[in-house]
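**Student:** Input: one structure, supplied below.
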Amino acid sequence: MILSKYIVPLLFGTAVIFAAAGCGGTNEASEQGGKWRVGTDASYAPFGFQDEKTHAYVGYDIDIIRAIAAAQGHEVEIKNLNFDGLIPALQTGDLDIAISDMTINEERAKSVDFTDSYYKAGLSIVVRADETRYNAFEDLRGQKVGVTIGSTGAEVGATIPEVQLREYSTISDAFLDLQNSGVDAVVNDTPVDEYYVQGRGKGIAKVVPAQINQEDLGIAVKKGNTELLGQLNAGLRTIKENGTYAEIYRKWFGKEPPVQ
């Protein structure tokens with residue numbers, strides 16, 4: 001009789017533990033106090049980069065994911081990874097979310113799930129400031145072109161006839177090699193290109209005024225994580241409706257977001 005006083009609660013507690021462990025489809029982030037582990041490649045200013053003074057991660061992507069998280073009652077922990085390591089980190093469970101100027105396309109959608117679009121981007125060409133040979137995408141035939149590993153710039157660059165494609169871990173490395181004449185041009189996302197030539201690349205490089213295409217950017221989660229995907233889409237809708245999205249867009253791009 002005395003033993004039953006202790007055994008029953010013990011058995012009940014054990015059953016609760018096993019029941020919780022057996023529940024499928026749980027959100028991994030919810031098991032960590034509501035903190036989302038967010039991966040980004042912090043070399044894609046103005047989307048994501050490290051502030052030189054505070055060393056904090058800042059940028060459009062960082063502000064967007066923090067605003068979405070706040071709208072959903074979560075916090076975020078930002079982790080800096082090379083772009084080509086983001087999707088593998090989602091697949092292994094090392095990250096909950098990846099946001100890094102990532103284009104939504106069919107190939108990536110085989111490995112991860114994407115939210116609704118949070119930015120419309122496109123690819124352009126960066127060349128040295130004194131360069132006059134390249135005025136269109138077709139002019140890159142047979143030239144040395146720099147791209148980042150795993151990017152849509154790499155996919156498009158590979159279609160250039162007779163191209164000498166050089167892949168880099170970060171876009172900063174590609175721009176540096178362009179400056180040092182290691183490549184003739186860099187194919188990359190237009191907002192990042194424009195930010196570079198107006199900042200660190202001012203007087204060194206320029207953007208060829210011929211955008212190659214238009215792309216939708218999305219936030220990625222592990223394939224099948226419908227709970228987290230739903231939270232992200234709901235948060236994105238909230239910040240678009242309450243004006244936070246437009247405020248962040250103006251902050252980083254100096255103009256109103258396009259009408260959707």
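**Student:** Among the residues of the stretch 15-23, are any at pLDDT 95 or above and assigned to a loop (DSSP other than H, G, I, E, B)?
**Tutor:** Pass one, the stretch 15-23, residues at pLDDT 95 or above: none.
No: zero hits.
**Student:** Given the residues SER117, SER124, SER100, SER111, which is the only one that is small (Gly, Ala, Ser) and closer than 17 Å to TYR245 by Cβ? I'd like the intermediate steps shown before the answer.
**Tutor:** Numbers: SER124 fails: closer than 17 Å to TYR245 by Cβ; SER100 fails: closer than 17 Å to TYR245 by Cβ; SER111 fails: closer than 17 Å to TYR245 by Cβ.
The match here is SER117.
**Student:** Please work out if SER111 is open to solvent by less than 10 Å² (accessible area, probe 1.4 Å), closer than 23 Å to SER43 by Cβ and either out of contact with any Lys or Arg (no Cβ under 7 Å at 6 or more places or on another chain) or not assigned by the TED database to the domain that holds LYS202 (or both). So that I can check it myself, show each step before the final result.
**Tutor:** Values: open to solvent by less than 10 Å² (accessible area, probe 1.4 Å): no; closer than 23 Å to SER43 by Cβ: yes; either out of contact with any Lys or Arg (no Cβ under 7 Å at 6 or more places or on another chain) or not assigned by the TED database to the domain that holds LYS202 (or both): yes.
No; evaluated as a whole, the condition is false for this residue.
**Student:** While we're here: Please count how many residues of the stretch 46-66 are hydrophobic (A, V, I, L, M, F, W, C) and open to solvent by less than 20 Å² (accessible area, probe 1.4 Å). Let's see the steps before the verdict.
**Tutor:** Initial filter on the stretch 46-66 (hydrophobic (A, V, I, L, M, F, W, C)): 47, 49, 56, 58, 62, 64-65.
Remaining after also requiring open to solvent by less than 20 Å² (accessible area, probe 1.4 Å): 47, 62, 64-65.
Adding up the residues that qualify gives 4.
**Student:** Continuing with the same structure: So which residues in the stretch 196-226 are farther than 21 Å from VAL156 by Cα, assigned by the TED database to the domain that holds GLU155 and assigned to a helix (DSSP H, G or I)?
**Tutor:** VAL197, GLN198
**Student:** Looking at (1) of a type outside the set (D, E, K, R); (2) under 22 Å from the mean Cα position of the chain (by Cα); (3) assigned by the TED database to the domain that holds GLY85, which is the only condition ASN242 fails?
**Tutor:** Going through the list (1) of a type outside the set (D, E, K, R); (2) under 22 Å from the mean Cα position of the chain (by Cα); (3) assigned by the TED database to the domain that holds GLY85, ASN242 breaks only (2).
**Student:** Within the stretch 107-147, take every residue that is of a type in the set (Gly, Ala, Ser) and touching a strand residue (DSSP E or B) at 6+ places or on another chain (Cβ under 7 Å) and give me the one that is nearest to GLY235 (Cα to Cα).
**Tutor:** Step one: filter the stretch 107-147 for residues of a type in the set (Gly, Ala, Ser), giving 109, 111, 117, 121-122, 124, 129, 136, 142, 146.
With the extra rule that they be touching a strand residue (DSSP E or B) at 6+ places or on another chain (Cβ under 7 Å), the set shrinks to 117, 121-122, 124, 129, 146.
On the way: SER117: 13, ALA121: 21, GLY122: 25, SER124: 30, ALA129: 41, GLY146: 36 Å.
Here the residue is SER117.
Let's see how each residue does on (1) in contact with a helix residue (DSSP H, G or I) (Cβ under 6 Å, 6 or more places away or on another chain); (2) β-branched (Val, Ile, Thr):
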residue: PHE49; (1), (2): no, no
residue: THR54; (1), (2): no, yes
residue: ASP61; (1), (2): no, no
residue: LYS79; (1), (2): no, no
residue: LEU95; (1), (2): yes, no
residue: THR148; (1), (2): yes, yes
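**Student:** Now a separate question. If you check GLU162 against the conditions, is it surrounded by fewer than 23 Cβ atoms within 10 Å (Cβ to Cβ) and on the phi < 0 side of the Ramachandran plot? Lay out the reasoning, then the answer.
**Tutor:** On the way: surrounded by fewer than 23 Cβ atoms within 10 Å (Cβ to Cβ): yes; on the phi < 0 side of the Ramachandran plot: no.
Judged against the criteria, GLU162 is not a match.
**Student:** Residue under question is VAL259, and the condition is that it be outside any helix (DSSP H, G or I), farther than 21 Å from VAL58 by Cβ and touching a residue at least 60 places away in the same chain (Cβ under 8 Å); does it hold? Can you show your working first?
**Tutor:** On the way: outside any helix (DSSP H, G or I): yes; farther than 21 Å from VAL58 by Cβ: yes; touching a residue at least 60 places away in the same chain (Cβ under 8 Å): no.
The answer is no for VAL259.
**Student:** Quick one: which of SER172, SER124 is open to solvent by 40 Å² or more (accessible area, probe 1.4 Å), over 13 Å from the mean Cα position of the chain (by Cα) and under 27 Å from VAL183 (Cβ atoms)?
**Tutor:** On the way: SER124 fails: open to solvent by 40 Å² or more (accessible area, probe 1.4 Å).
Going through SER172, SER124 in turn, just one is open to solvent by 40 Å² or more (accessible area, probe 1.4 Å), over 13 Å from the mean Cα position of the chain (by Cα) and under 27 Å from VAL183 (Cβ atoms): SER172.
**Student:** Another one. State whether the residues of the stretch 228-251 include one that is part of a helix (DSSP H, G or I), touching a Gly at 6+ places or on another chain (Cβ under 8 Å) and on the phi < 0 side of the Ramachandran plot. Full working, then the answer.
**Tutor:** Filtering the stretch 228-251 down to residues part of a helix (DSSP H, G or I) leaves 228-241, 244-251.
Going one step further and asking which of them are touching a Gly at 6+ places or on another chain (Cβ under 8 Å), we end up with none.
No, because not a single residue in the stretch 228-251 is part of a helix (DSSP H, G or I), touching a Gly at 6+ places or on another chain (Cβ under 8 Å) and on the phi < 0 side of the Ramachandran plot.
The values are calculated or read from the model by the stated rules, or taken from the named source; none is laboratory data. Bear in mind the structure is a predicted one, so any value in this text is a computation, not a measurement. Note that we place each Cβ from the backbone using ideal geometry, even for glycine, and neighbour counts take in every protein chain shown. These area figures cover heavy atoms from the full protein model, side chains too; ligands, DNA and RNA do not enter into them. Shrake-Rupley method; radii C 1.70, N 1.55, O 1.52, S 1.80 Å.
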